[in-house]
1. Could you compute the FRET efficiency for residue A:226 and residue B:13, with r as their C-beta to C-beta distance and R0 at 45 Å, rounded to 0.05?
2. Counting only other chains, and only Cβ atoms inside 10 Å, what mean value do you get across the residues of A:83-96?
3. Any idea what the relative contact order of chain B is, in percent, if you count C-alpha pairs under 8 Å spaced at least 6 apart?
4. Based on DSSP H runs of at least 4 residues, each adding -39500 (n - 2.57), what is the mean residue ellipticity at 222 nm of chain A after dividing by all its residues, to the nearest 500 deg cm²/dmol?
5. What are the extents of the Cα atoms of the protein assembly as shown along their three principal axes, listed from largest to smallest and rounded to whole Å?
6. Can you pull the three principal axis extents for the Cα set of the stretch B:8-264, in Å, largest first?
7. With springs only between Cα atoms under 10 Å apart, run a GNM on chain B and tell me which of B:59, B:160, B:15 wobbles the most.
8. Taking the 0 to 90 degree range and rounding to the nearest ten, how far is the long axis of helix A:197-237 tilted relative to the main principal axis of chain A, both from C-alpha atoms?
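FYI, it's all coordinate maths here, none of it is from the lab. Fair warning: this is a prediction, and the values are worked out from it, not measured in the lab. Using ideal geometry, Cβ is built from the backbone for each residue, glycine included, and neighbour counts are taken over all protein chains shown.
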């Protein structure tokens with residue numbers, strides 16, 4: 001018999017994912033990602049001048065990243081002050097994106113990334129990485145590739161992909177992974193929980209499989225967003241348009 | 001604020017040597033710097049240990065107090081890990097509330113201890129939902145020459161091994177400490193962490209500060225005595241899946257060496 005999860009998914013099945021680009025007017029780039037019940041919104045500003053200026057580096061742009069959960073995003077109200085967890089995740093997300101960027105192109109500037117979790121339903125850091133990478137692309141910042149992210153874990157003694165909130169809270173191990181599309185390298189890797197070596201291999205391979213599926217979705221979203229206006233123009237004027 | 005700057009020539013030398021499987025201080029790729037573990041240095045603490053790995057030095061003190069349990073685990077004691085990068089340890093450390101590096105350090109050590117179930121947390125419950133024992137693990141970085149994760153994780157477990165609990169009795173829902181011989185805390189597992197730096201394709205165990213700063217990527221893997229993985233944290237840079245699996249193999253060997261050192265004192 002095939003093992004069915006609490007939400008009816010197969011062990012290696014992702015939750016439904018929605019992605020949208022350019023959702024904010026003022027930001028240089030923005031993206032919205034829904035990953036199951038998890039909803040995140042990301043804005044990118046920059047490259048822009050660094051304040052305070054002593055933080056600037058002559059060797060390249062600095063990246064500042066803030067991962068933050070809205071007070072209403074969780075069951076119990078979350079204190080809006082950044083928690084220890086949020087500060088750690090901000091660092092981890094920044095390190096997940098840095099390998100994809102050409103920072104040396106923009107010395108003495110900053111690229112600011114703001115990720116807000118609007119609704120938390122498990123896998124928020126992964127949804128943020130996926131959305132951040134899209135928002136960077138939307139901001140026109142050159143990237144070595146897109147970064148796609150999802151988690152695998154161990155729940156009720158089984159290795160499963162993409163844990164939802166219930167699975168996340170009751171899991172024996174959680175393994176969030178981010179993957180850089182062009183080099184196939186892992187840019188985010190954390191483990192929280194107990195896994196044997198074999199289970200770890202299985203979980204990492206499963207998470208990478210999930211990342212590849214998410215990458216396809218990212219690519220599709222980018223393509224649709226940047227070709228759609230051109231199509232409209234064609235239908236209105238009967239001529240080739242470009243964005 | 002100042003930043004660590006290493007000469008370009010040192011960086012190039014480290015990478016060049018790493019490509020040939022060698023290191024700037026003459027160590028082999030999987031060799032730790034000299035490790036020293038001292039216990040019981042702080043008599044006012046319930047347990048303490050100082051670990052040096054090369055010139056990196058970390059002091060950990062354990063204090064056991066009583067407090068309220070977390071709402072989702074009403075019948076379990078609480079483990080609190082905090083790390084301070086005190087300004088005396090490095091020209092780049094500044095006074096003030098813990099920054100992201102200090103928080104990450106504390107949380108990675110915490111994960112290793114918590115996930116391996118180093119303590120039987122059910123035994124630290126006094127009155128379910130109301131009163132439990134809180135075990136504070138305070139990490140003090142005294143000298144920073146790279147690889148804070150391993151030194152801190154090693155010092156934390158060494159300090160827990162050194163920890164003795166004062167005898168007590170429960171009156172109502174309160175704990176009253178009484179006279180008598182303190183009892184050692186019983187530990188169920190011995191998690192230790194192994195940090196590796198990737199430089200020119202090689203994985204260097206226990207990177208020094210110079211090596212950390214020259215490295216393309218960093219990864220920390222925490223394993224218990226049954227070789228189960230209890231925590232992983234990738235730092236800067238990126239790894240191929242093959243490199244990750246290889247680092248797990250290296251961590252397996254290296255962590256058993258650390259655990260031997262832990263027993264040897």
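1. About 0.50, to the nearest 0.05.
2. Per residue, the average neighbour count from other chains is 4.
3. Taking the mean separation of contacting Cα pairs over the length of chain B, I get 22 percent.
4. -10500 deg cm²/dmol
5. 93, 57, 48
6. The Cα atoms of the stretch B:8-264 stretch 66, 36, 34 Å along their principal axes.
7. Greatest mean-square fluctuation among the candidates belongs to B:15.
8. 30 degrees
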